[in-house]
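Following: one structure in structure tokens, then a few remarks.
What follows draws every value from the coordinates through simple rules; no lab data is involved. For clarity, every value in this text was computed on a predicted model and none was experimentally measured. When we count neighbours, we look across all protein chains shown, and the Cβ atoms used for this are built from the backbone with ideal geometry, even at glycine.
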Amino acid sequence: MSKYRYALTMGVVCIAILCHDLTIQKAYALAESTAQGGSNAQAVHELGETGEDVNVGLITARNALATHEAFYDKDANGNPIGSTHTFNYDFSGSGIAPTNHDTWMAGIVASRGGISHPDDTGVAPGADIHCARVANSSDNISLHWLENALDELITGQDCRVIATGFSIGLTPDGQSICTLLYDYYAYQYNVIFANAAGNINPDIPGDTQVAIFGDAYNGVTTGGLRVTGDDEYGRVGSLSRLGPTSDGRRKPDIVAPSQDQTMPGAGSDTSWNTWTSTGGHTSLSVPHTAGVAALLLGLADDTPDPNDNQNEVIRAVTVNSTFPNIDDKSGSSTNPADPNNLWNEDRGYGRIDALRAYELLDSNQVFTDVNITEEKGWAFGTIGPLQEHTYTIQAPRHYRLTATLTWDRRVEWIDESTNGRIDTGELHPYLADLDLKIYEPNDANAIFSKLAFGYDPDDNTIKADLLLTSSGQYTLEVVNNSTGETADYGLAFELLPPLPADFDLDYIVDYNDLVELTENWLQTGSGFDADLFQDDFIDFRDFAIFAENWLTTNPAYH
């Protein structure tokens, strides 16, 4: 039985404080991290979706405090009622052991608030938490303990989302038995894995790359964000691990809030702790990803569509809807309007946005060989070897087109030892060679492809974010270059309109745009960008519209 040493994804700072409650100096409410400048889950709650009846599994080194007030429903006065919504399991043989770290993670996902903390609710406050301990008192982890935990959470407790609160010190190249195990369960059981990028250990020079399990193909890898303003998470924390993986794939996928969250603690059933570090510790960011996945599954449960709950679709809409204008660790802009900067080693594709993901999943499923006139949509398909699936989208000039393609790495288990257990060497991965190609109207040359934009051949999440230069019918092709591998895939797209009066498309209405207006002043005829009133005459009516938009910006790109 193989055993591994683990490292908490909070990092060494957290290990030093696990046995102590933090002193709360400011009431940073967890609610701030779920506001518009955070994961934007509050906006989804206002639509009536809380992730109710969705089970979220936590793979942890210890356990959450299941008796904490945060995990109970409340009466009219805010007092706990009924039974806890958090359940603990031990697969290490060392017993149930609640800690701050694992209680924090559970609370960020599914806190229902407390008597003195009514607003400190989680990302998916209607979800149930199933917390599985897989590390013993010597901090060792067995492969079979991990397998047992996944079996119980997924097949025994119907957990459709799994988040992990530690990393393992193996080479993060996607080929370790632990990473293969996660990809096997994601593929076999249609589970969404929320994996942490992990934290940099400052005592180990050069130890900065995404850690296991963040190197998994079939999960969403999350980095951590620090606060840059009131309720705004706009910069990657200094300790959040960066990409690519050691084998060159683009991870992390997204980033989510870490700093300034007030969470239920393990000190007592009414203790609350606030985390103020700017390090971007990923144990506090990955629960946002898990919670957003629970919200999306809650939506999928309420629709008749059989495909909107597929993990490939959930991953596609999550990545496609990210907010990209996030500064890197040094505080420098990542210039997301440049399509070559679409992915960044610190921020991935950007900050998770629960509302945009929800709205995208709530749009229509689209199909091949049909002219799509909607501004957003998603698809799920199965594509065989050497096949092409074609989607055509009617799009206006100066819009941005975002499109994301995801698919699972297929992992097969061959029980060579015939003991009914997964052992090292028994998991065999197979990856279909899919590509996403995008074509402008009446042009046979692709403006986007996996190769042209520098993706690794093994990347199985591909995203495009392109400024459209002409109006017409754009073609999205999903291509399977494999000669023998079939794959299911999720595809999501959205057309993003330009700002009114942003003539030079720099995502701010300013003096440069005023020059465009004045140069065309009193011109007549069609086709002028400055004809904001759309009457084929540029005059004070156009200037009035221009003035109304003066100094407005698109914060996602400026």
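Would you calculate a helix-derived [θ] at 222 nm for the chain, using -39,500 (n - 2.57) for each DSSP H run of n ≥ 4 and dividing by the full residue count, to the nearest 500? Numbers along the way, then the final one.
Values: 11 runs with 99 residues, N = 558.
So the calculated ellipticity at 222 nm is -5000 deg cm²/dmol.
Of VAL479, VAL255, how do they rank once you tally other Cβ atoms within 10 Å and put the fewest first? Numbers along the way, then the final one.
Numbers: VAL479 20, VAL255 35.
Least crowded to most crowded, the residues run VAL479, VAL255.
Only Lys, Arg, Asp and Glu count, each charged at its Cβ (+1, +1, -1, -1), so figure out the dipole size of segment 499-558 about its Cα centre, rounded to 20 debye.
So the magnitude is around 120 debye.
Using alpha carbons only, how many angstrom separate the centre of segment 234-270 from the centre of segment 421-454?
For segment 234-270 versus segment 421-454, the Cα centre distance is 27 Å.
Positive end of the charge dipole of segment 365-496 (Lys, Arg +1 and Asp, Glu -1 on Cβ, about the Cα centre): tell me which of ALA487, LEU476, ILE414 has its Cα farthest that way.
Going by the charge dipole, the pick is LEU476.
Hey, what D do you get for segment 97-249 in µm²/s if you plug the Kirkwood alpha-carbon radius into Stokes-Einstein at 10 °C and 1.306 mPa s?
Numbers: Rh = 16.9 Å.
D = 94 µm²/s.
In percent, what relative contact order does segment 365-496 have, based on Cα pairs under 8 Å that are 6 or more apart in sequence? Mind showing how you got there, number by number?
On the way: 306 pairs, mean separation 57.3, N = 132.
Worked out over segment 365-496, it gives 43 percent.
Tell me whether segment 346-414 comes out rounded, prolate or oblate; compute the Cα gyration tensor, take square roots of the eigenvalues as a ≥ b ≥ c, and use a/c under 1.5 as the rounded threshold.
Details: a/c = 1.97, a/b = 1.20, b/c = 1.64.
Since a/c reaches 1.5 but b/c is at least a/b, the shape of segment 346-414 is classed as oblate.
Tilt of helix 311-320 relative to the longest C-alpha principal axis of the chain, in degrees (0 to 90, nearest 10)?
Here the helix axis deviates by roughly 50 degrees.
With charges only on Cβ, +1 for K and R and -1 for D and E, what is the dipole size of the chain about its Cα centre, in debye, rounded to 20? Let's see the in-between values first.
Numbers: 29 positive and 80 negative charges, 363 e Å.
Dipole about the Cα centre, nearest 20: 1740 debye.
Shape verdict for segment 234-313, please, from the Cα gyration tensor: rounded (a/c under 1.5), prolate (a/b greater than b/c) or oblate. Display every interim value, and only then the final one.
Working: a/c = 3.01, a/b = 1.20, b/c = 2.50.
Oblate, because a/c is 1.5 or more while a/b does not exceed b/c.
If each residue's Cβ is checked for other Cβ atoms within 10 Å, how do THR318, THR392 rank with the fewest at the top?
The fewest-first ordering by Cβ neighbours comes to THR392, THR318.
Select from ASN549, THR524, ALA501 the residue farthest towards the positive end of the dipole of segment 499-558; place +1 on Cβ of Lys and Arg, -1 on Cβ of Asp and Glu, and compute about the Cα centre.
Of the options given, the answer is ASN549.
Could you name the aspartates and glutamates whose alpha carbon sits less than 14 Å from that of LYS329, not counting residues in the same chain fewer than 8 places away?
Cross-link targets: GLU345, ASP346.
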